[in-house]
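Each reported figure results from applying straightforward, stated rules to the coordinates on display, with no laboratory input. Just so it is clear, the structure is predicted and the values come from calculations on it, not from any experiment. Here Cβ is always computed from backbone atoms with ideal geometry, including for glycine, and neighbour counts include all displayed protein chains.
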Amino acid sequence: MGNLLQGKKGIIFGALNEQSIAWKVAERAVEEGAEIVLTNAPAALRFGSINELAKKCNSIVIAADATNMEDIEKLIDQTMEHFGGKFDFILHSIGMSPNLRKGISYDDLNYEYLNKTLDISAISFHKIIKTAYKKDALNEWGSIVALSYLAAQRTVCGYDDMADAKSLLESIARSFGYIYGRDRKVRINTVSQSPTLTTAGSGVAGLSKLLDYAEAMSPLGNGTAEECADYVLTLFSDFTRKVTMQNLYHDGGFSSMSMSLSAMELIEKGLEAEK
Ligand SMILES: NC(=O)c1ccc[n+]([C@@H]2O[C@H](COP(=O)([O-])OP(=O)(O)OC[C@H]3O[C@@H](n4cnc5c(N)ncnc54)[C@H](O)[C@@H]3O)[C@@H](O)[C@H]2O)c1
């Protein structure tokens, strides 16, 4: 389509199936001229359809559990070998909460599961950045992006311990963003995306109601996975070189709203149906 990412190379974590946000980023990045390496957890490679995507994107697939330092180190080494040197971008599009999956509510969290939630959904970001930094894997003006959600700042019923994970994720982007920016001119940001119908999204209790409510509250409507991908590409491009340590909303305006006409009408309809 275009050449926004011509000559750029990067790793994309988290493409499970066609619905995945990472899937859309991979497709669009390649359309814009990038070369990519795809990666996901070994189990996800078995159950998902990443090989289809790899064929389409002319990419290799390297298995890596994003909580496992050995896996991440191998992944970065193999990626540098594949590209013949340093590369330019990393997408972290990873999230999982055993508490949420098992329907355990926030007032009753299982702490072993909480540790897993934080490790998979947030600390993995630190592990990936730290490995890339130590191995000096990214070119100057490289870009690292992770996907976040508004529950990091505002309580969303049913989002459970993923809210804590997203707060930590955004904090890691700031803390490491300072160090990586200062030392190697690499930027780190998070993109806070609208609710989206994906495998991870479906884990959130009442996702369809959340989607309807967010749609009604957002002046521009919910951001789709494809639109999110386009936004992420701008952050990988040379047009955003001085944007770093930010949490950037891609949510149709939702995060700045308190009440909209459409949401009032939605509530009114619900009240009338109750009568
Ligand atoms: N769907 C939404 O409503 C929404 C909204 C805002 C942000 N996000 C975020 O977007 C990101 C991508 O999620 P998605 O909605 O595309 O769903 P998804 O289920 O397609 O992607 C989640 C990915 O995480 C991967 N993963 C889980 N454990 C892993 C591990 N140990 N190692 C490596 N990978 C692992 C899964 O295999 C999967 O590919 C997540 O961070 C999610 O929290 C999603």
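In this structure the amide hydrogen of TRP141, modeled in the peptide plane, comes within under 5 Å of the amide hydrogens of VAL186, none closer than 5 places in sequence on its chain. Applied to region 261-274, the Karplus parametrisation 6.51 cos²θ - 1.76 cosθ + 1.60 on θ = phi - 60° returns per-residue 3J(HN,Hα) values of 4, 4, 5, 4, 5, 4, 5, 4, 4, x, 5, 5, 5, 6 Hz, with x for Gly and Pro. When you restrict to C-alpha pairs under 8 Å that are six or more residues apart and normalise by the size of the chain, the relative contact order lands at 18 percent. When the inverse distances between all different Cα atoms of region 1-155 are averaged and flipped, the Kirkwood radius reads 16.2 angstrom.
Here the alpha carbons of region 28-106 define both size measures, Rg and Dmax, at 14.6, 47 Å. Over region 152-227, Cα pairs under 8 Å with separation of 6+ residues give a relative contact order of 24 percent. Phi angles of region 227-242 translate, via the Karplus equation with coefficients 6.51, -1.76, 1.60 and θ = phi - 60°, into HN-Hα couplings of 5, 4, 4, 4, 5, 4, 4, 4, 6, 7, 7, 7, 7, 10, 4, 9 Hz per residue; Gly and Pro are given as x. Kindly express, to the nearest 10 degrees and within the range 0 to 90, the angle between helix 207-217's C-alpha long axis and the longest C-alpha principal axis of the chain. It works out to around 80 degrees. Rounded to the nearest 20 debye, the dipole size of region 74-213 about its Cα centre is 380 debye, using +1 on the Cβ of Lys and Arg and -1 on the Cβ of Asp and Glu. How tilted is helix 21-31 with respect to the longest principal axis of the chain? Cα atoms for both, answer in degrees (0 to 90, nearest 10). Compared with the principal axis, the helix lies near 50 degrees. Between SER262 and LYS86, the contour length at 0.36 nm per residue exceeds the alpha carbon distance by 58.5 nm. A Cβ-based charge dipole, computed about the Cα centre of region 19-130 with Lys and Arg at +1 and Asp and Glu at -1, lands at about 220 debye.
Building the convex hull from the alpha-carbon atoms of the chain and averaging its projection over directions returns 15.0 nm². Computed across region 111-232, the Kirkwood radius stands at 15.6 Å (inverse of mean 1/r, all Cα pairs). Across all Cα pairs in region 23-63, the calculated P(r) in 10 Å bins from zero up to the longest distance comes to 32, 57, 12 percent per bin. The value for region 153-212 of Rg(Cα) / (2.2 N^0.38 Å) is 1.41.
Can you compute the FRET efficiency between GLU226 and LYS134 using 1/(1 + (r/R0)^6), with r the Cβ-Cβ distance and R0 = 22 Å? Round to the nearest 0.05. Once the sixth-power term is evaluated, E becomes 0.05. Based on Cα contacts under 8 Å between residues 6+ apart, region 178-275 shows a relative contact order of 38 percent.
Annotation: extensible slack from ALA273 through GLU73 equals 66.4 nm (criterion: 0.36 nm per residue apart, minus Cα-Cα distance). Report the Cα centroid-to-centroid distance between region 201-275 and region 76-121 in angstrom, as an integer. What the calculation gives is 23 Å, centre to centre.
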